[in-house]
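Trainee: Got a structure for you, written out below as structure tokens; questions coming shortly.
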Amino acid sequence: MSYPIETIRHSLAHVMAAAVKKLHPDVKFAGGPAIENGFYYDFDTEYRFSESDFEQIEKEMKSLIKSDGRFDRREITLDEAKEIFKDQPYKMEWLNEYDARGEALSIYTFRDFVDLCRGPHVESSKDLPRDGFKIRTVAGAYWKGDSKNKMLQRIYVDAFANAEELAAFLKMQEEAAARDNRKLGKEMDLFHFEPEYAPGAVFWHDKGYKIYRRLIDYIRARQEKAGYLEISTPSVMDRCLWEKSGHWAKYGAHNYSGTTQDGKVFCVKPMSCPGGMLVFGQGIKSYKDLPLYLAEFGKVNRYEAAGALSGLMRVREFTQDDAHIFCTEEQLESEVVKILRFIKDIYNKFGFEKITMKLATRPLSEFRIGSDEVWDRAEGALKNALDKNGIEYEIAENDAAFYGPKIDNYLKDSMGRVWQCGTVQLDMNLPERFDLSYIGEDGEKHRPIMLHRAMLGSIERFMGILLESTGGNLPLWLSPEPVVVAPVSEKYKDYAEKVVAALRNAGVYARADLRDEKVNYKVRELSLSKTPIIAVVGEKEMENESVTLRYLGKEGQDVKSLSEFVDYMKDAVKLPL
């Protein structure tokens, strides 16, 4: 019998817990869910797990699987559960909070290991892959995710249906490690971090900042072509703005704020929405002004736990390619479709062809704002826009923003990893809270609908995704140094500088590598730093006014006249509009 991979992973989590119990009988158990690519289980024990324990735990797990033990489910009463788990404090805490009016309690027994669990599980351990899992790491994790609670030991395991799938995943992980944006950032001299002085904030070096600016230049050019107006709003504003919008109630703990001498509380901007609404609110707007596209490359700051920070992928300070589109209800459907097509085209230009979309519906949250009637209209509008235009999508239940439903865009990189980037969020609530209006054809005031839109999302995060997907081999138009000219000896320094001058006069950034090193050494060093084109010049090239070209990742070389090369590069570095 074949089982869903989540069932296999969940069952393996129980097998690992049983193995740990056999090796360390005094261990206390918290819980162990299936997660993407595997599972984890949290343990409380005086013994400190390390990599040296992994092989022994895996060996015990394989022995238990081979023993063909059954996973037996039984429903029990709350009193029975408390008797069974009286020596397990984390299970007891959960049971003491359990609402007896809810679903029935159930336990699963696997050999001599018993756990509270809804299931499902496989019928027998013979249905589990003996060679489809591998312990990845052990890390600290607070009980219930609360830093006030005790730190437990969380063992993470990669788990798949068979050895072949595991091997493919581990190979991909090796490749991902080699392409890690932090590693590439150092090798390519792009950026660094200073955890002691500015955790989660990027220190851009010249080459990295060139890529960062180029990404913004590209989005800016595309937006201007599409009729967007670019604005800029203050980085520090009164906290009352985020109280009015509802962001403070939802995300207040993640905001940086402080009180000034006059007693006011100001926030470092965590998102751009209130500023965009204040700009729209200036002056009288007519239906003839709609749709109105206001774009902002807003630098925002949000507190993230230090343990969650991860290179460019998870930072505390980042730049969003944010936009707020104000439109009428009649314009809504066409605007949503226009934005989705815009985002898809942007991703395609960066080489991401596989894009999926998820419609996120209202959250089950005390912080959700707006009536059910407004949410019904908003969700229906997005669903109609997708359905009528034949756009495929999935439903992400209860995953919307607190102010409205959204369509999130997911792209797949060259290693098959999926990333959530761009989004379109429909908001009928914040225009109401900020009392925004426009004058309709009837001469009366009407409430606009607002669409929150990001294409790349975080510029930093998208740059990290792009670096890892390409392994640092960026397209010429995005490369910080598309060409470096390398003379074979000091004698050809002047000609190398002539080539650089010709390129720069044509608007192509270039530099000469004038180090007193052999040309093969220069080529090797420049290749490691991911320079796309190395133009080698010597006696023959100087006599013929030519360059010999070596392309990153390609065998052999090419010879072009200087004028031909300048024309080629001039074209190659243009923004792909």
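The values are calculated or read from the model by the stated rules, or taken from the named source; none is laboratory data. Only a predicted model underlies this, so the values are computations on that prediction, with no experimental measurement involved. We place every Cβ from the backbone using ideal geometry, glycine too, and count neighbours over all the protein chains shown.
Trainee: For segment 231-298, please list each of the strands (runs of 3 or more DSSP E) lying entirely inside it that holds at least 2 residues being among the hydroxyl-bearing types (Ser, Thr, Tyr). Spell out how you get there, then give the answer.
Mentor: Values: elements: 236-238, 257-259, 265-268.
Fully inside segment 231-298 and qualifying: 257-259.
Trainee: On the given criteria, is Phe367 surrounded by 15 or more Cβ atoms within 10 Å (Cβ to Cβ) and touching a helix residue (DSSP H, G or I) at 6+ places or on another chain (Cβ under 8 Å)? Please lay out each step first, then the result.
Mentor: Numbers: surrounded by 15 or more Cβ atoms within 10 Å (Cβ to Cβ): no; touching a helix residue (DSSP H, G or I) at 6+ places or on another chain (Cβ under 8 Å): yes.
Criteria not met by Phe367.
Trainee: Could you list, in sequence order, the residues of segment 455-472 that are assigned to a strand (DSSP E or B) and surrounded by fewer than 24 Cβ atoms within 10 Å (Cβ to Cβ)? Quick ask: steps written out before the conclusion?
Mentor: Residues of segment 455-472 assigned to a strand (DSSP E or B): 455-458.
Listed by number, the residues that qualify are Gly457, Ser458.
Trainee: Ok, one more. Going by what's in this entry, would Ala221 be described as outside the structural domain of Asp345 (by TED's automatic domain parsing) and assigned to a helix (DSSP H, G or I)? Show your work before the answer.
Mentor: Values: outside the structural domain of Asp345 (by TED's automatic domain parsing): no; assigned to a helix (DSSP H, G or I): yes.
It is false that Ala221 is outside the structural domain of Asp345 (by TED's automatic domain parsing) and assigned to a helix (DSSP H, G or I).
Trainee: Okay, next question. Being in a loop (DSSP other than H, G, I, E, B), surrounded by 11 or more Cβ atoms within 10 Å (Cβ to Cβ) and either modelled with pLDDT of 95 or more or not hydroxyl-bearing (Ser, Thr, Tyr) (or both) is the filter here; which residues of segment 82-112 pass it? Explain how you work it out, then say what you get.
Mentor: Applying the first criterion (in a loop (DSSP other than H, G, I, E, B)) to segment 82-112 yields 85-88, 97-104, 111-112.
Now narrow it down to the ones that are surrounded by 11 or more Cβ atoms within 10 Å (Cβ to Cβ): 85-86, 88, 98, 111.
Within segment 82-112, Phe85, Lys86, Gln88, Arg111 meet the criteria.
Trainee: List, please: which pairs have Cβ atoms under 6 Å, are six or more places apart or on different chains, and start with a residue in segment 315-329 that is among the small types (Gly, Ala, Ser) and end with one that is modelled with pLDDT of 95 or more and in a strand (DSSP E or B)?
Mentor: Taking only residues 6 or more apart or on different chains, the pairs are Ala323/Ala295; Ala323/Arg453.
Conditions tested, residue by residue: (1) within 22 Å of the chain's Cα centre (by Cα); (2) farther than 29 Å from Phe367 by Cβ; (3) of a type in the set (Asp, Glu).
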| residue | (1), (2), (3) |
| --- | --- |
| Glu194 | yes, yes, yes |
| Pro199 | yes, no, no |
| Gly208 | yes, yes, no |
| Gln223 | no, yes, no |
| Gly263 | no, no, no |
| Leu278 | no, no, no |
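Trainee: Do you know which residues across segment 419-444 are surrounded by 13 or more Cβ atoms within 10 Å (Cβ to Cβ), closer than 26 Å to Trp242 by Cβ and over 32 Å from the mean Cα position of the chain (by Cα)? Step through it out loud before you land on a result.
Mentor: Taking segment 419-444 as the starting set, the residues that turn out to be surrounded by 13 or more Cβ atoms within 10 Å (Cβ to Cβ) are 419-434, 436-440.
With the extra rule that they be closer than 26 Å to Trp242 by Cβ, the set shrinks to 420-434, 436-438.
If the condition is that a residue be surrounded by 13 or more Cβ atoms within 10 Å (Cβ to Cβ), closer than 26 Å to Trp242 by Cβ and over 32 Å from the mean Cα position of the chain (by Cα), then Leu436, Ser437, Tyr438 are the ones that fit.
Trainee: Would you check if there is a residue in segment 260-277 being surrounded by 15 or more Cβ atoms within 10 Å (Cβ to Cβ), farther than 17 Å from Tyr403 by Cβ and among the small types (Gly, Ala, Ser)?
Mentor: Checked segment 260-277: no residue is surrounded by 15 or more Cβ atoms within 10 Å (Cβ to Cβ), farther than 17 Å from Tyr403 by Cβ and among the small types (Gly, Ala, Ser).
Trainee: Would you pick out the residues in segment 491-532 that are in contact with a strand residue (DSSP E or B) (Cβ under 7 Å, 6 or more places away or on another chain) and free of Cβ contacts under 8 Å to residues at least 12 places away in the same chain?
Mentor: Arg504
Trainee: Which of the residues that make up segment 307-357 are in a helix (DSSP H, G or I) and of a type in the set (S, T, N, Q)? Walk me through it before giving the result.
Mentor: Let us first name the residues in segment 307-357 that are in a helix (DSSP H, G or I), namely 307-308, 332-349.
Hits for segment 307-357 are Ser334, Asn348.
Trainee: Determine whether segment 175-186 contains at least one residue that is among the charged types (D, E, K, R), more than 30 Å from Leu552 (Cα to Cα) and in a loop (DSSP other than H, G, I, E, B).
Mentor: Start the filter on segment 175-186 by keeping residues that are among the charged types (D, E, K, R), which leaves 175, 179-180, 182-183, 186.
Now restrict to residues that are more than 30 Å from Leu552 (Cα to Cα): none.
Checked against the condition, which is being among the charged types (D, E, K, R), more than 30 Å from Leu552 (Cα to Cα) and in a loop (DSSP other than H, G, I, E, B), segment 175-186 yields no hits at all.
Trainee: Do we find that Gly464 is under 38 Å from the mean Cα position of the chain (by Cα), of a type outside the set (A, V, I, L, M, F, W, C) and modelled with pLDDT under 95 in this structure?
Mentor: In short, no.
Trainee: A further question follows. With the requirement that a residue be farther than 18 Å from Pro363 by Cα, of a type outside the set (Ser, Thr, Tyr) and either under 19 Å from the mean Cα position of the chain (by Cα) or modelled with pLDDT of 95 or more (or both), what does segment 388-418 give you? Steps first, please.
Mentor: Step one: of segment 388-418, the residues farther than 18 Å from Pro363 by Cα are 388-393, 409-418.
Okay, now just the ones that are also of a type outside the set (Ser, Thr, Tyr), so 388-392, 409, 411-413, 415-418.
Once the filter is applied, which keeps residues that are farther than 18 Å from Pro363 by Cα, of a type outside the set (Ser, Thr, Tyr) and either under 19 Å from the mean Cα position of the chain (by Cα) or modelled with pLDDT of 95 or more (or both), segment 388-418 yields Asn409, Leu411, Lys412, Asp413, Met415, Gly416, Arg417, Val418.
Trainee: Name every residue in segment 390-420 that is without any contact (Cβ under 8 Å) to a residue 40 or more places away in the chain and among the charged types (D, E, K, R), in order of residue number.
Mentor: Glu392, Glu394, Glu397
Let's see how each residue does on (1) out of contact with any Lys or Arg (no Cβ under 9 Å at 6 or more places or on another chain); (2) surrounded by fewer than 18 Cβ atoms within 10 Å (Cβ to Cβ); (3) closer than 28 Å to Ile5 by Cα; (4) without any contact (Cβ under 8 Å) to a residue 12 or more places away in the chain:
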| site | (1), (2), (3), (4) |
| --- | --- |
| Ser124 | no, yes, yes, no |
| Asp131 | no, yes, yes, no |
| Gly140 | no, yes, yes, no |
| Asp146 | yes, yes, no, yes |
| Phe160 | no, no, yes, no |
| Ala177 | no, yes, yes, yes |
| Gly185 | yes, no, no, no |
| Met188 | no, no, no, no |
| Ile216 | yes, yes, no, no |
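Trainee: Exactly one of (1) in a loop (DSSP other than H, G, I, E, B); (2) exposed (fewer than 14 other Cβ atoms within 10 Å of the Cβ); (3) at pLDDT 95 or above is unmet by Asp68. Its number?
Mentor: It is condition (3) that Asp68 fails.
Trainee: Hey, Lys498 hits all of (1) part of a loop (DSSP other than H, G, I, E, B); (2) of a type outside the set (Ser, Thr, Tyr); (3) more than 30 Å from Leu215 (Cβ to Cβ) but one; which does it fall short on?
Mentor: (1)
Trainee: Quick check on segment 464-472. Is at least one of its residues assigned by TED's automatic domain parsing to the domain that holds Ser371 and within 24 Å of Trp248 (Cβ to Cβ)?
Mentor: No; the residues of segment 464-472 include none that is assigned by TED's automatic domain parsing to the domain that holds Ser371 and within 24 Å of Trp248 (Cβ to Cβ).
Trainee: What number goes with the only condition from (1) surrounded by fewer than 20 Cβ atoms within 10 Å (Cβ to Cβ); (2) under 24 Å from Pro576 (Cβ atoms) that Gly416 does not pass?
Mentor: Gly416 satisfies all of (1) surrounded by fewer than 20 Cβ atoms within 10 Å (Cβ to Cβ); (2) under 24 Å from Pro576 (Cβ atoms) except (2).
Trainee: Assigned to a helix (DSSP H, G or I), within 38 Å of the chain's Cα centre (by Cα) and not polar (S, T, N, Q): which single residue out of Asp53, Asp79, Asp115 fits that description?
Mentor: Details: Asp79 fails: within 38 Å of the chain's Cα centre (by Cα); Asp115 fails: assigned to a helix (DSSP H, G or I).
Asp53 is the lone residue from the list that is assigned to a helix (DSSP H, G or I), within 38 Å of the chain's Cα centre (by Cα) and not polar (S, T, N, Q).
Trainee: Identify the single condition in (1) among the small types (Gly, Ala, Ser); (2) exposed (fewer than 14 other Cβ atoms within 10 Å of the Cβ); (3) in contact with a helix residue (DSSP H, G or I) (Cβ under 8 Å, 6 or more places away or on another chain) that Gly208 does not satisfy, given that it satisfies every other one.
Mentor: In the conditions (1) among the small types (Gly, Ala, Ser); (2) exposed (fewer than 14 other Cβ atoms within 10 Å of the Cβ); (3) in contact with a helix residue (DSSP H, G or I) (Cβ under 8 Å, 6 or more places away or on another chain), Gly208 misses (2) alone.
Trainee: Go through (1) in a loop (DSSP other than H, G, I, E, B); (2) surrounded by fewer than 20 Cβ atoms within 10 Å (Cβ to Cβ) for Val523 and report which single condition fails.
Mentor: So the condition that Val523 fails would be (1).
Trainee: Residue check: is Leu451 assigned to a helix (DSSP H, G or I) and within 36 Å of the chain's Cα centre (by Cα)? Full working, then the answer.
Mentor: Numbers: assigned to a helix (DSSP H, G or I): no; within 36 Å of the chain's Cα centre (by Cα): yes.
When the stated conditions are applied, Leu451 does not pass them.
Trainee: Tell me, yes or no, whether segment 456-469 has at least one residue that is touching a Pro at 6+ places or on another chain (Cβ under 7 Å) and not small (Gly, Ala, Ser).
Mentor: So far as segment 456-469 goes, no, none of its residues is touching a Pro at 6+ places or on another chain (Cβ under 7 Å) and not small (Gly, Ala, Ser).
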